[in-house]
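What follows is one structure encoded as structure tokens, with my remarks underneath.
Nothing in this text is a laboratory measurement; each read-out follows from the coordinates by a stated rule. Predicted model, so just to flag it, every value in this text is computed and none were measured. Cβ: placed from backbone, ideal geometry, glycine included. Neighbour counts: every protein chain shown.
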Amino acid sequence: MRHEKLSAGLLLAFEDYQHEGVQALMTHKRSLGIMAPKSVVKPTKSLVFIYCDSDADLSHLSQHGIEVNQNTGNVRTAFLPIDSLDALSEEPAIQRIKPSRKLKLRMDVACQAVKLPEFKNKTGLTGKGVIIGVIDSGIDPKHPAFTGRILRLWDQTLPGPGVTEGAYGAELTGSLLTVSQDTNGHGTHVAGIASGADATYCGVAPDAELVIIKSDLQDAHIADAVRYVFRVADELGRPAVVNLSLGGHADAHDGSDSLSKIIDSETGPGKIACCAAGNEGNDNIHGQTSIPSGKMRGMRFNVPLNQVGIVWLNAWYSKDSQLEVSLRSPNGFVTPFQKIITDGNPAVDHQLPDARVQIVTSGPDPSNGDYNFFVQIRGNGPSPVMGGVWQLRVRNTSSTNARLDVWTLDETSSVFFTGTSVKDAVKIGAPGCADSAVTVAAYTTKVKYTDIDNQEREMGLEPNKISEFSSEGPLRNDAQKPDVAAPGAMIVSALSSNANFDKSMTVNSKFVAMAGTSMATPFVTGIIALLLQRDRNLDPTAIKELLRKNSSIPGKPCGTFDHKWGYGLINTENL
């Protein structure tokens with residue numbers, strides 16, 4: 001086993017599997033691409049990204065049960081029995097193996113707030129001839145807002161032969177579209193904002209045609225879906241914009257992650273990706289500290305009592321520094337300081353009286369050259385993680401000062417940093433940190449609406465302001481994100497007939513009100529579809545320049561960047 005080729009999270013999952021068997025992997029199912037076997041006679045499989053030589057022929061790996069989904073490219077996706085990670089790591093053409101991780105899902109007044117009616121009346125643009133790809137929880141193909149405009153639907157969750165981009169799921173067209181259902185409702189709502197056709201709640205680009213992917217939200221499958229949308233658009237000779245109202249925080253927050261790299265490689269003239277900034281603006285999921293040379297610093301984080309089965313800390317710092325890592329439990333027990341390990345297995349198991357702690361301190365990550373250490377905390381035996389205030393202790397053994405950024409990851413999204421450790425910034429993760437992506441923050445245009453029972457509902461948001469839940473940038477490498485802000489609260493759009501929404505959210509039998517950067521993103525996706533109708537050769541750089549020139553933060557000169565607003569609220573009137 002070439003341990004140095006496995007990223008920290010995948011290495012921990014593999015270590016748990018080796019020591020505890022298949023049962024240990026259920027803990028990793030959501031965050032580390034572990035797919036439970038469908039029967040006891042089939043092996044547990046893992047969904048991974050492979051970093052390799054661009055022209056490497058990996059077809060021979062099928063003898064180990066490894067299914068590589070692409071024949072070329074520096075970053076590919078693959079499906080494999082977890083036992084075959086050993087053989088995969090020994091392959092000379094492969095530099096790095098990273099796990100797929102499950103991401104989270106992130107029009108009346110809104111259109112007027114950004115002068116959209118004026119722009120559409122002046123230009124006559126409707127999105128006709130443009131493909132909008134929606135990678136999400138699916139769509140309600142029977143909803144009248146989409147009649148006759150869903151070209152293809154790849155349901156990655158159904159059994160089937162798959163598509164060119166991956167031999168899994170089922171591709172549906174025509175009358176078979178109704179085989180797929182959107183039981184979550186998020187995807188239908190998002191598609192409606194971008195391209196719903198309705199007299200009252202009309203989407204931004206109602207004549208665009210749709211390519212839908214119902215995803216299991218594994219980011220490797222999302223990467224396959226991005227490739228799928230652009231391939232279908234190429235075959236039809238159309239420009240395309242892909243909407244990604246989803247995201248996570250298990251990456252470096254600098255655009256070097258697998259999904260962001262694939263987005264950057266797939267986008268170009270007539271191929272645009274639009275991503276949500278995230279909804280963690282109110283959540284203390286990010287901690288940051290500066291550690292002088294030769295000094296130690298502590299970062300405190302709180303774990304709720306009797307609620308969390310496992311906690312992960314995802315930490316990154318510059319290649320110019322070297323840190324040693326220790327953890328202190330709420331009862332005061334500590335692990336030894338662990339150095340960077342480049343010879344052999346960098347994962348070390350520390351048994352405390354009140355917890356089992358595993359720390360991975362690998363050498364530099366090849367994707368960006370920086371150091372990533374990963375901490376996993378579990379209770380002893382079947383007990384949950386000890387509740388209370390924990391402390392991450394970090395010692396700087398290098399001659400330069402070090403800035404450390406850490407994100408909490410857990411099953412319930414309830415672990416948070418406290419005190420001086422909290423840093424309300426750098427909370428835009430993949431795929432919103434992709435350099436080529438248009439990354440969208442949310443602006444509140446509406447705080448009241450009337451529900452289906454004729455009850456007025458008021459949300460605790462401030463109108464005509466950036467939405468407080470919208471995640472802040474910049475990126476960890478100080479790159480400027482988000483790009484722009486757009487209406488994201490409260491947005492009324494299509495309601496899936498197969499989804500279970502509370503009546504207080506539904507406006508009528510066909511429409512529902514929701515808030516989030518998930519809603520702001522398809523608003524911009526629709527605008528991009530209008531721009532592609534006018535000029536199908538616009539590339540990501542040109543699109544972003546157009547949007548920035550026509551965006552501004554209230555009370556500040558056009559061109560001013562803010563880590564919450566980006567370049568400000570889009571104004572479409574002069575686009």
What is the magnitude of the charge dipole of the chain about its Cα centre, with +1 placed on the Cβ of each Lys and Arg, -1 on the Cβ of each Asp and Glu, and no other charges, expressed in debye to the nearest 20? 820 debye
Could you compute the FRET efficiency for D55 and E20, with r as their C-beta to C-beta distance and R0 at 35 Å, rounded to 0.05? 0.35
Using the charge dipole of the chain (Lys, Arg: +1 at Cβ; Asp, Glu: -1 at Cβ; taken about the Cα centre), state which of L259, S504, Q112 has its Cα farthest towards the positive end. Q112
Given Cβ point charges of +1 (Lys, Arg) and -1 (Asp, Glu) and nothing else, what value in debye, to the nearest 20, does the dipole of the stretch 509-574 about its Cα centre take? 100 debye
Is the stretch 112-254 rounded, prolate or oblate when judged by the Cα gyration tensor, a ≥ b ≥ c being the square roots of its eigenvalues, rounded requiring a/c under 1.5 and prolate requiring a/b larger than b/c? prolate
Does the stretch 372-487 come out rounded, prolate or oblate by the C-alpha gyration tensor, with a ≥ b ≥ c the root eigenvalues, rounded set by a/c under 1.5 and, if not, prolate when a/b is larger than b/c and oblate if not? oblate
Identify, among F374, T44, T178, the residue whose Cα sits farthest towards the positive end of the charge dipole of the chain, taking +1 on the Cβ of Lys and Arg and -1 on the Cβ of Asp and Glu, with the dipole about the Cα centre. F374
What percent does the relative contact order of the stretch 433-511 come to when contacts are Cα pairs within less than 8 Å and at least six residues apart? 39 percent
Points 7 angstrom from Cα along the Cβ direction at T397 and S504: gap in nanometres? 5.4 nm
What is the spin-label model distance, in nm, from Q480 to A542 if the labels are put 7 Å beyond Cα along the C-beta direction? 2.1 nm
Which entry in [x] 11; [y] 39; [z] 14 matches percent of Cα pairs over 47 Å apart derived from the coordinates of this structure? [x]
Take every Cα pair under 8 Å in the stretch 286-421 that's 6+ residues apart, average their separations, divide by the length, and report that relative contact order as a whole percent. 47 percent
Lys/Arg +1, Asp/Glu -1 at C-beta; the chain dipole; positive extreme among V163, A225, S195: S195
Inter-centroid distance (Cα atoms) of the stretch 530-575 relative to the stretch 97-173, Å: 22 Å
Mind checking which aspartates and glutamates have their C-alpha under 14 Å from K214, skipping anything on the same chain fewer than 8 residues away? D136, D140, D155, E171, D182, D224
Using alpha-carbon positions, the gyration tensor of the stretch 286-421 gives root eigenvalues a ≥ b ≥ c; with a/c under 1.5 called rounded, otherwise prolate if a/b exceeds b/c, else oblate, the class is prolate
Counting only helical runs of four or more DSSP H residues, what would the 222 nm mean residue ellipticity of the chain come to if each run contributes -39,500 (n - 2.57) and the total is spread over all its residues? -5000 deg cm²/dmol
What is the distance in Å between the Cα centres of the stretch 311-328 and the stretch 484-508? 40 Å
Mind scanning K115/K510; K29/K510; K45/K544; K104/K446; K102/K549 and naming the pairs with a C-alpha gap bigger than 29 Å? K29/K510; K45/K544; K102/K549
Packing-based exposure ordering (other Cβ within 10 Å, fewest first) of V334, V440, V507, V375: V334, V507, V375, V440
Scoring only Lys, Arg, Asp and Glu (+1, +1, -1, -1) among other residues with Cβ under 11 Å from the Cβ of S215 yields -3
What is the magnitude of the charge dipole of the stretch 286-421 about its Cα centre, with +1 placed on the Cβ of each Lys and Arg, -1 on the Cβ of each Asp and Glu, and no other charges, expressed in debye to the nearest 20? 420 debye
